[in-house]
Each structure stands twice: as C-alpha cells, then as structure tokens.
1. Going toward the positive end of the dipole of the chain, with +1 on Lys and Arg Cβ and -1 on Asp and Glu Cβ, which of Val237, Ala170, Cys296 do you reach last?
2. Give the long-range amide H neighbours of Gly189: residues separated by 5 or more places, or on another chain, with amide H under 5 Å away, using H modelled in the peptide plane at 1.01 Å from N.
3. Which FRET efficiency value, to the nearest 0.05, do you get for Gln8 and Lys89 by plugging their Cβ-Cβ distance into 1/(1 + (r/R0)^6) with R0 = 56 Å?
4. Please compute the contact order of segment 209-250 in relative form: average sequence separation of alpha-carbon pairs under 8 Å and at least six residues apart, divided by the residue count, as a percent.
5. Pairs of alpha-carbon atoms within less than 8 angstrom and 6+ residues apart define the contacts here; what relative contact order does segment 208-357 have, in percent?
6. Which pairs in the list Lys141/Lys312; Lys208/Lys312; Lys219/Lys312; Lys89/Lys141 are over 27 Å apart, alpha-carbon to alpha-carbon?
7. Between Asn188 and Asp78, what is the label-point separation in nm under the 7 Å Cα-to-beta-carbon projection?
8. Using the Karplus equation 6.51 cos²θ - 1.76 cosθ + 1.60 (θ = phi - 60°), what ³J(HN,Hα) coupling, rounded to whole Hz, does each residue of segment 316-328 give in order, writing x for Gly and Pro?
Amino acid sequence: MDSEDTPQIITHIEHNINHCLFDCKWIPCSAKFVVIGSLPKGSGTLEIFEINSGELKKIKEIERPNSFKCGTFGASSDIERRLATGDFKGTLEIWDLEKSSQVYITKEHTDIINSIDGMGGNSLNCGAPEIVTGSRDGTVKVWDPRQRGKPVANMQPVQGETRRDCWTVAFGNSFNDAERIVIAGYDNGDLKMFDLRTMSLRWECNLKNGVCYTEFDRKDIPMNKLVATTLEGKFHVFDLRTQNPSKGFAQVLDNSSKSGTIWVARHVPQNRDIFITCAGNGQVSLWKYEYPEKRCHLDSQGVAVGVPGKLKRLQRMMISSQPINSLEWNRDHLGLSIATSYDQYVRVLVTTKLNLQ
C-alpha cells in the first residue's frame, strides 16, 4: 500500500506532435521548453512550447534540412540560453533561439551524433564552457564553443581497434577550473571514463549490454555517483568516491524490470539521491539510493574498497504506450518534468512529495 508520503507521478499535460521526437529541454529560467525531433520528410525541427494555464502553446519552430537527435543548454549561461544540437549527419550546431539563428556550426563527426552534454555555462569556478558529443562513428569529441572548428579533445579507438557505436556521453567531476571527466557508454556494453585534465582513460568496464544512458548525480561536485542504464531492463549505480586499483568502483545493479530497455535515467536536481528511470514499455520508475553505513572499508592488503548502497523504488507509473526516450526535470520547480516518447507525445509530468523523501 502507498503511504501518505509516497510520491505520485501525475501526467499533467499530454500533447501530440505528430512526428518523431528524440529529446526535450527546459529553456533555463522560463516556463518554456524545446522539443527536438524530425519530420517524415527527414528534416529536423526545434519546437518551442510554453506552459500557459494548464495547456501547451507552440510559440516558435525552426526547421533544418537534417534531422536533429539531441540537445543541451549546459554550455550556455542562463542569460544567453543557447541550445547546442547534434544531428543525424554528425553536425554540431549552437542556436540563438530568440533570433532563430545559428551562431556556431561544425561537422567533424562522420555519422549521427547520438548524445550531447554541456558544462561550464553557468557554474562559477568549474571550468570553461564545453560540449561533449558521442557518435556512431565511434568517437567522443569535446568542444569549446568559443573556438571554431576543431574539437579540443578527441577520444577514439586506436588504429586496428573496432569502432563501437557511442550511445551516451555525460560530463562530471567538474568542481574546479582544472578537473573534468567525461563518461561514455557504447553499444557493446563498454563504459569508459575519460579524465580531461590528464587526457587519459581513467577507468573502464563492460556492463554486458548496450549502454543507453549515463548521468552523474551532479556535474559540478567531486564525483559522487553515476547511473548507467542498459538494454534488457537493467541499470547500474556506481559509488564513485572510492576507486579500487583492481576492483574499480562499488556498484549496485537493478535487473528487476520486466519492461524492456531502460532508455533514460535522470537525477532530481534538488535531491541527488533520487532519480527516475524510463523504460521501453512506457513506464517510469522513481528510485532512491540509500547509502551504506560506511562507503568504503580496507581490504586485507589495507587498500580502500567501496561499499555499494541499496536501491529503494518509491513509485512507478505507466505514462506511455511506447518507449520514453527523453526526460528532463525542471531545476526551478521541484517535481516538474517534461518527457518525449516514440508515441509522438510530449508530456508535462508532476511528481509529488519529493520534499518528504
């Protein structure tokens, strides 16, 4: 039975857009959001909606020849609010949505940009603004939007190694002007952690299923936790505070889902220990990570080993008949989120009682 303090996930608004949707992002400091997708004829669309009196109103649309796949505001300030997008041809673009104009374009990827993340646009003392892109061409590239053309870092397989499709990338550990890490997940289950300060591969493992989504619980703190979702209904939560030389990071695995691929996992901005997962059958599940009494202990050789915590499911709700392929929490309003699905609907969701968890 649900107790009085159990969060509820409520679909506040459902809006049919009638073409393929891939991503959605809140426009910072506003009641507006942008939906990223493609039309049947293959062109890409950026559609801006505003929430007004419980309804969605489309206020702007930008159409481009190539389908868009993903977007982020992370490398832009709340004043400029510039959206970076990746498309099916491997093009990275940055948009001034107010003027509907493109302010940056580069095409260094040779195939679709599957995933994009941004960092440094807003937070003070956490490094330069940067964008990271992951592509089917097997490369992960880091960009400084103040520099035209070439990426500032390029992570690719060594000569002779198979190029794996990179499905997801994310920034983390960006707690000062020097430190920054990129995590990348691939179709063969590889999860790789790149240290941008030392320009080295810091850690890697294989999750045995294609990695669909990765996210640090916070980008701008010394790395604390990481969630990675995979095919076959599984996700892993890693405790990143202790890295053992041989065992790596402690982790907890959830494979209880019978709802297909876990497409997305997003942490609540106001509480880094609560996150939501989005599944292939249209179900969302709300989770809380519970820390162990001690997060590490010493092994027989006196080397620190991490101790995994536990996962508690707070709620689950079926909100769509098709996979939910993107979700974003609103950082200004606790419990407010938007989501897109392959059923061609964008939804505004309200999750209650998160302040009681």
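1. Farthest along the dipole direction, towards plus: Cys296.
2. Gly210, Val211
3. Numbers: r = 42 Å, r/R0 = 0.75.
So, using R0 = 56 Å, E works out to roughly 0.85.
4. Details: 68 pairs, mean separation 12.6, N = 42.
RCO, segment 209-250: 30 percent.
5. Numbers: 379 pairs, mean separation 26.1, N = 150.
Answer for segment 208-357 is 17 percent.
6. Values: Lys141/Lys312 35 Å; Lys208/Lys312 24 Å; Lys219/Lys312 23 Å; Lys89/Lys141 15 Å.
Table pairs above 27 Å Cα-Cα are Lys141/Lys312.
7. 4.4
8. So the Karplus estimates, Gly and Pro as x, are 8, 8, 7, 10, 8, 8, 10, x, 8, 9, 7, 8, 9 Hz.
The values are calculated or read from the model by the stated rules, or taken from the named source; none is laboratory data. Remember, predicted model here, so these are calculated numbers, not experimental data. Methodologically, a virtual Cβ is constructed for each residue, glycine included, from the backbone with ideal geometry; neighbour enumeration extends over all protein chains shown. With ligands, DNA and RNA removed, areas are computed over all heavy atoms of the protein, side chains included. Shrake-Rupley method; radii C 1.70, N 1.55, O 1.52, S 1.80 Å.
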